[in-house]
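Structure first, commentary second.
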Amino acid sequence: MLGDKRQIKIFDTTLRDGEQSPGASMNLPEKLQIAEELIRLGVDIIEAGFPIASPGDFESVREIATRFQGATICGLARCNNADIDRAWEALQHAESPRIHVFLATSAIHREFKLNMSRESIIENSVAGVKRAAGYCDDVEFSPEDAARTEIDFLCEVVEAVIDAGATTVNIPDTVGYATPTHMSNVITALKNRVPNIERAVISVHCHNDLGLAVANSLAAVEAGAGQIECTINGIGERAGNCSLEEVVMALRTRSDFYTCDTKINSKRLVPASRLVSSVTGLHVQRNKAIVGRNAFAHEAGIHQDGMLKEPSTYEIMRPEDVGFEKTDLVLGKHSGRAALADRAKQLGFTLDDDQIKSVFKQFKILADQKKEVLDEDISCLIEKEICEAN
Ligand SMILES: [Zn+2]
């Protein structure tokens, strides 16, 4: 069944772009925990950080690169020797390392940020990619603010970096300005006008400033992109990035249309979402697609009646396929704190001792009122506890 579907690579940047969300800094043990969950989830590439940004960032990229197998581990670098060398130093022990080099290409960035001519942008990009390619075979190049770059110049840059050794060319909509048709036109232009484009995978990196990150990523895939950059819960700079769970389930649910798939284990989507939300303190809205608490809740009588007769009347996905627990009986008033802590962990929550103590108190009160305490009740208590603490 997988054979006839084009495989789209999932490049997760929760630990790099996601960590740039205001207030979402993570420490090393938290990053390791998320990296482990990303491996379980089956992402193809983990962007673990920006090694030159700080000693902490360097350390976490190095630890993740050293400890985890089963996914490519990527580190970000600006287009200069020091950044690229530092990235390689962090990545060198990875089973499958990737260096990700970026340089802005749009007129606004060239003029106001970099003060560089078009020629020197190309020169620097080529030099950066060559230096990275000297260290490893897997090199990604991003022309930052590509969505606002003149298409002729973008094609020129892309051709030059592929010749220099870039194996993935990522098209970032850095400021969330693109629309689906715009994105599709950019990818189509690259495919039609860059003579060596077949030698690289085209990737997209969409921001959600207009709420279009997932739609723009899907439009890019439809036009031929082979990699999507995204984050768990869509966290990231400002309004965030393309949400991994949404884009993955859109490709899977509508595989009749996209004829693509990913190797994501969708049953881990909800646990991964909970882990990232509890580590970062960035809570998921109840009506968030796929992983929100209400994503599969049916309230209207007509809907409930339909659901009882045949779930597919109102459900395009099954809750268990994205990792929501069946509403099984799990704990009762005789259950102890250890059982609760264990259940919380299985549900994807990370709680410290004080939080467990407090949730346990609430759990006992609930267990007195209700014979059966379900997984969803426990999730609800924990989410309340985390919300109140923040
Ligand atoms: Zn970004």
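The values are calculated or read from the model by the stated rules, or taken from the named source; none is laboratory data. Values in this document were obtained by computation on a predicted structure and should not be read as measured data. Virtual Cβ from ideal backbone geometry, glycine too; neighbours counted across all protein chains shown.
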- Restricting attention to the range 105-125, does a residue exist that is closer than 24 Å to residue 39 by Cβ, assigned by TED's automatic domain parsing to the domain that holds residue 201 and not hydrophobic (A, V, I, L, M, F, W, C)? no
- Item | Pairs where the first residue, in the range 15-28, is outside the structural domain of residue 238 (by TED's automatic domain parsing) and the second is within 14 Å of the ligand (Cβ to nearest atom) and hydroxyl-bearing (Ser, Thr, Tyr), C-beta under 8 Å, 6+ apart | none
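I'm trying to understand the selection: among the residues of the range 172-192, which are within 12 Å of the ligand (Cβ to nearest atom), of a type outside the set (Gly, Ala, Ser) and in contact with a Cys (Cβ under 9 Å, 6 or more places away or on another chain)? Step through it out loud before you land on a result.
In the first step, residues of the range 172-192 are kept if they are within 12 Å of the ligand (Cβ to nearest atom); the result is 172-176.
With of a type outside the set (Gly, Ala, Ser) added as a condition, the list becomes 172-175.
Residues satisfying the conditions are 172, 173.
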- Query: Which of the residues belonging to the range 190-215 are surrounded by fewer than 17 Cβ atoms within 10 Å (Cβ to Cβ) and part of a helix (DSSP H, G or I)?
  - Reply: 191, 192, 193, 198, 199
- Go through 270, 276, 247, 221 for me and flag whichever is within 16 Å of the ligand (Cβ to nearest atom) and not in a loop (DSSP other than H, G, I, E, B). 247
- Message: Against the conditions (1) out of contact with any Phe, Trp or Tyr (no Cβ under 7 Å at 6 or more places or on another chain); (2) surrounded by fewer than 19 Cβ atoms within 10 Å (Cβ to Cβ); (3) closer than 25 Å to residue 45 by Cα, where does residue 135 fall short? Just the number, please.
- Response: (1)
- Task: Return the residue satisfying two criteria in turn: it lies in the range 203-215 and is within 13 Å of the ligand (Cβ to nearest atom) and touching a strand residue (DSSP E or B) at 6+ places or on another chain (Cβ under 7 Å), and of such residues it is farthest from residue 277 (Cα to Cα).
- Result: 203
- Task: Could you figure out which of (1) within 21 Å of residue 227 (Cα to Cα); (2) crowded, with 18+ Cβ neighbours inside 10 Å; (3) among the charged types (D, E, K, R) isn't true of residue 31?
- Result: (1)
- From the residues in the range 349-390 that are at pLDDT below 85 and outside any helix (DSSP H, G or I), which one is surrounded by the most Cβ atoms within 10 Å (Cβ to Cβ)? 373
